[in-house]
Structure formats: C-alpha cells, structure tokens
1. Could you please tell me which pairs satisfy a Cβ distance under 8 Å, a separation of 6+ or placement on different chains, a first residue in region 129-146 that is assigned to a loop (DSSP other than H, G, I, E, B), and a second residue that is among the basic types (Lys, Arg) and open to solvent by 50 Å² or more (accessible area, probe 1.4 Å)?
2. If you check THR223 against the conditions, is it modelled with pLDDT of 85 or more and not in a helix (DSSP H, G or I)?
3. Consider only pairs whose beta carbons are under 8 Å apart and that are at least six residues apart or on different chains; among these, list those whose first residue lies in region 197-218 and is over 22 Å from ASP185 (Cα atoms) and whose second residue is modelled with pLDDT of 85 or more and among the hydrophobic types (A, V, I, L, M, F, W, C).
4. Name the residue, out of SER54, SER112, that is of a type in the set (S, T, N, Q), in a strand (DSSP E or B) and at pLDDT 75 or above.
Amino acid sequence: MEMIILLSELHGIHEQASVGFLTLMESLRYCKVGAFLKSPKFPIWILGSETHLSVFFAKAHPVPRPFEVLGKDGGAELLRFMSAVSTGTFTLLSTGSLGAQEMALVAPESPSEQARRVFQTFDPEDNGFIPDTLLEDVMKALDLVSEPEYVNLMKSKLDPEGLGIVLLGPFLLEFFPDQDSGIPDSFPVYHYNGLKQSNHNEKVMYVEGTALVLGFEDPMVRTDDTPIKRCLQTKWPYIELLWTTDRSPSLN
C-alpha cells in the first residue's frame, strides 16, 4: 500500500496585529511568538498560561474607574473585551489618543531589535551565541557588508580569544551601537483575569502596577520570579514589575 505524506510549512501572521499575544509557553521553549504579535498596533496583549487567557495592557494615564469591575463571567467578559477592541469601542483607548509613551511600547521593531531577532533565528536554543561559521549568514540576512575578507575581520574582532563563537551582545554593539528602542524606563500597567477564584476576595477587577524596563539584568532591582513576569520577559527580557497589591496577579 502506497502512503502519501503531505507536509505543510506553517507561517505566522503577515502584518502587525491590533491586539498582541504573549505566552508563558515561550519562556518554557515550547513555542516562539513572532514580532507582529509581540508589538501590536495597540498596547494590549492577551497572555496565555498553560490553562487560561488573561489580558495585560499599558496606558500612560490612569484607567477610568468604571473599568474597575468588569463582570462575574470571566470567559464571556473576555470575549466582550476582545470584541470591543476589534470594533474600536473599547473605552480604554477611546478616552484619549495614544501618546508617545504608549506608541513606544508597540512601535515596529528598531534595526537593533530586528538584528536581535535575526541573530536568534540562527540560535534556536537561545544560547546567546552562534558558531562563527554562521556569522556570514547573519550578516547577509541583515543586509550588512558580507564580503569574506570583512567577515573574517569581524570574526577576529568579535571572537578575540578564538573560541569559535560570536556572542549576541558584542555583535549588537558592533553593528548597532547607541540604538535606543524608545521604550520608556517605566510605565503604568494593568492586568485583568476574569476568573473569580483568581482575584483577591473573588472580586473580578484589574490589578494595577508599574513596569520597569532595564537594558540589562540588575540584581539590585530584581522583584520576583512569577509566571506573569516570565511571560512578559518574552517581549521585555529585563522587565521588573511593582504591583499595588500584596500579591502578583495570576495567569491561571
């Protein structure tokens, strides 16, 4: 009996989404979310855990108080929330135009961010380095000068000890120095989980906090290691979160 196997190549979305998506599964290396979902048109992200979906959003100005209690039926409320966003009737965004601070959170990737993404496609294990034999391929993918003589010069500069690897940090500093992504150092953030049992006193409401985005990991500023933080670190690797509540919001 002859068996025919059809293989399909899966692709992500081809343009910037209105609402973003981040998942805890990426931090566990089960999947990879693309740039168009990590940087949507509006600063709203659906957060996925192992079992549940919740909402994370950012705004430079305080959220109106009527948004505080969204309802008792978490699943239906989340659908209404998404419908409001897709139809443009979501009051969080309609209360005022997006400012520069919000737009910086969802702006298209900068050249250095693009370089980081391309570099990581050649580093699927997220080791933070690639074999020096792949440097030419990375430079070609980024439309950098990739003549063999120049590539060999860069190998010597980026790998002075001759270890046969090129680290991500020195690569970015060499080809994309002093590039600021424009992301504010801190900004107000909000999280909404529609399940009563996941909220304090089973009262469904958003949780407010402040996000600190650093350019590097600073042990002196480290706040916690919670699922929501690990989820957000798939977009902002060095984010720290300060919540106004006694406990971090739950993804489940």
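The values are calculated or read from the model by the stated rules, or taken from the named source; none is laboratory data. Note that the structure is predicted; figures quoted are calculated from it, not measured. All Cβ positions, glycine included, derive from the backbone under ideal geometry; neighbour counts span all protein chains shown. With ligands, DNA and RNA removed, areas are computed over all heavy atoms of the protein, side chains included. Shrake-Rupley method; radii C 1.70, N 1.55, O 1.52, S 1.80 Å.
1. Matching pairs, first to second residue: SER146/LYS140.
2. No: the conditions fail for THR223.
3. ASN199/MET205; VAL204/LEU195
4. None of the other options fit; the residue is SER54.
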